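Each remark here refers to the structure printed beneath this line.
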Amino acid sequence: MTGILSSEGDLLQLTFSPEETERLGFELGMSINEPVVIALRGDLGVGKTVFARGIAKGLGVDERISSPSFVIMKNYKGRLPVYHIDLYRVFSPEDVPFIEDIMNSGGVVIIEWAERILDVLPEKRIDVRIEIAGENRRQVWINDNRD
């Protein structure tokens, strides 16, 4: 797919399986060539970790990507450093005092449950919102706010 990122508003994609959701994340990861924060939002079980796994693979990460919900953050080596953060168990930015340092680290920072720290997210970021649209179907909105 070309034109996965849109600076003219949200780009809506539909996926019909976890594999397609991961593939969409992979395409996003392939398109990234500079440090960026990717803010993932969506209810429990919509596929944020599946999407994050795809992003990491698109960035050249060979390791198995799993949810860091119990450890909050995992980092990986790819074309750029990749930081995968899950804020499910976090309720304010004060609970993750390292978050601003990580967001300014020169890597790709993928944040699940990003709505929990909206006050400290950079304005220039990629926002991704995932919603359930039926059994195995997902609506994925991607907005590139870096311009």
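The values are calculated or read from the model by the stated rules, or taken from the named source; none is laboratory data. Keep in mind the model is a prediction, meaning the values are calculated, not measured. Here Cβ is always computed from backbone atoms with ideal geometry, including for glycine, and neighbour counts include all displayed protein chains.
Observations
- Some residue of the stretch 94-101 being surrounded by 20 or more Cβ atoms within 10 Å (Cβ to Cβ), within 22 Å of SER31 (Cα to Cα) and either in contact with a helix residue (DSSP H, G or I) (Cβ under 9 Å, 6 or more places away or on another chain) or of a type outside the set (A, V, I, L, M, F, W, C) (or both): no
- Every residue from the stretch 104-138 that is exposed (fewer than 13 other Cβ atoms within 10 Å of the Cβ) and either at pLDDT 95 or above or assigned to a loop (DSSP other than H, G, I, E, B) (or both): ASN104, GLY106, GLU123, LYS124, GLU135
- Yes/no for TYR83 being of a type outside the set (A, V, I, L, M), within 14 Å of the chain's Cα centre (by Cα) and surrounded by fewer than 19 Cβ atoms within 10 Å (Cβ to Cβ): no
- Selected residue (criterion: nearest to PHE26 (Cα to Cα)) from residues of the stretch 55-75 that are free of Cβ contacts under 8 Å to residues at least 24 places away in the same chain and buried (at least 20 other Cβ atoms within 10 Å of the Cβ): VAL61
- Top-ranked residue of the stretch 100-147 - restricted to ones that are of a type in the set (Asp, Glu) and closer than 18 Å to PRO81 by Cβ, ranked as nearest to the chain's Cα centre (by Cα): GLU112
- Spans of helices (runs of 4 or more DSSP H) in the stretch 1-103 with at least 2 residues within 21 Å of ALA133 (Cα to Cα) and modelled with pLDDT of 90 or more: 18-31, 48-58
- Scope the stretch 36-54; condition surrounded by 20 or more Cβ atoms within 10 Å (Cβ to Cβ) and among the small types (Gly, Ala, Ser); matching residues: ALA39, GLY42, GLY47, ALA52, GLY54
- In summary, LYS57 fulfils each of the numbered conditions (1) of a type outside the set (A, V, I, L, M, F, W, C); (2) closer than 20 Å to GLN13 by Cβ; (3) touching a Lys or Arg at 6+ places or on another chain (Cβ under 8 Å) with the single exception of condition (3).
- Pair list, Cβ under 8 Å, 6 or more apart: the stretch 92-105 residue touching a residue at least 24 places away in the same chain (Cβ under 8 Å), other residue assigned to a loop (DSSP other than H, G, I, E, B): VAL96/ILE72; VAL96/LEU87; VAL96/VAL90; MET103/LEU121; MET103/PRO122; SER105/PRO35; SER105/PRO81
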